[in-house]
Amino acid sequence: MYTVKELFPTLQGEGAHAGRAAVFCRFAGCNLWSGREEDRATAICQFCDTDFVGSDGSGGGKFETAISLADAIETSWRSTSAGPQQRYVVFTGGEPLLQLDDELIDALHQKGFEVAIETNGTIKVPKGVDWICVSPKAGAELIVLQADELKLVIPQAKHQPLEKLMARFEGMDYRNRFLQPMDGPNLKSNTELAVSLCQKRPLWRLSLQSHKLIGIR
């Protein structure tokens, strides 16, 4: 059984694949926050801006089997008249690795999909995932120390000095490193901080939430 909050075709808005056609599959649930506002102040991750509770979003629902969810993802991809080439699905959440498993990955590979995840890095990644984006959260144990992409949202309340943290990540096996300014009332100053750090430490690139800038999901 898979519980999906929402499932929809869009463009990837962030990171190395920004602008790429994709189906987003947002799983319900997270291991760093319940998703309930009354629990936010005591959660490990307190800045999440995403509703991942339940299965009532567009395209969401309960899927009994990997095949049924893979079929729904394929239907979503086809809904934009996209052809069979370059099929790309991004699993996000919440925390997608609470639900993503070998059976679902295999079912999607059989349909020609490249499988990507956006994870907080606290759960081991199953084999077969084609693109791993890790977005670590301050105060959470990071166990995914090798990935295609590191996306560090800054600043977080429990961060150690940022340049010390960045230097630590520079010594790890991440193929691409991005700084993403935290959304919210301080977005302008957070963006200025991210720009200055990318200029100072050019192993890092700036990631903006382009989907928000152009008004898509």
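FYI, it's all coordinate maths here, none of it is from the lab. From a predicted model like this one, the values you see are computed outputs, not experimental measurements. Please note: Cβ atoms are built from the backbone with ideal geometry, for glycine as well, and neighbour counts cover all protein chains shown.
For this structure, a couple of remarks:
- Net +/- balance of residues flanking T65 in space, Cβ distance below 10 Å, scoring K and R +1, D and E -1: -3
- For region 65-183, fraction of C-alpha pairs farther apart than 19 Å, in %: 51
- Order of Y174, Y88 under a 10 Å beta carbon neighbour criterion, fewest first: Y88, Y174
- In degrees, nearest ten, helix 187-200 long axis to first principal axis of the chain (Cα): 70
- Residues S189, S55, S81, S76, ranked from the fewest to the most other C-beta atoms within 10 Å, line up as S81, S189, S55, S76.
- Using only alpha carbons, region 2-214 has a radius of gyration to Kirkwood radius ratio (Rg to Rh) of 0.95.
- For the chain, modelled as a GNM whose springs connect Cα atoms under 10 angstrom apart, the maximal fluctuation among S68, S196, S135 occurs at S196.
- Proxy reagent accessibility, fewest Cβ within 10 Å first, across E170, E38, E74: E38, E170, E74
- Over 21 Å apart at the Cα level, from the set K5/K212; K62/K137; K127/K164, are K62/K137; K127/K164.
- Anisotropy class of region 57-119 from Cα gyration tensor, a/c 1.5 cut: rounded
- In straight-distance terms, cross-link reach from K124 covers every one of the aspartates and glutamates whose alpha-carbon lies under 14 Å from its own, apart from those fewer than eight places away in the same chain; here that gives E95, D101, D102, E141.
- Within the chain, antiparallel bridges make up roughly 30 percent of the DSSP beta bridges whose residues both belong there.
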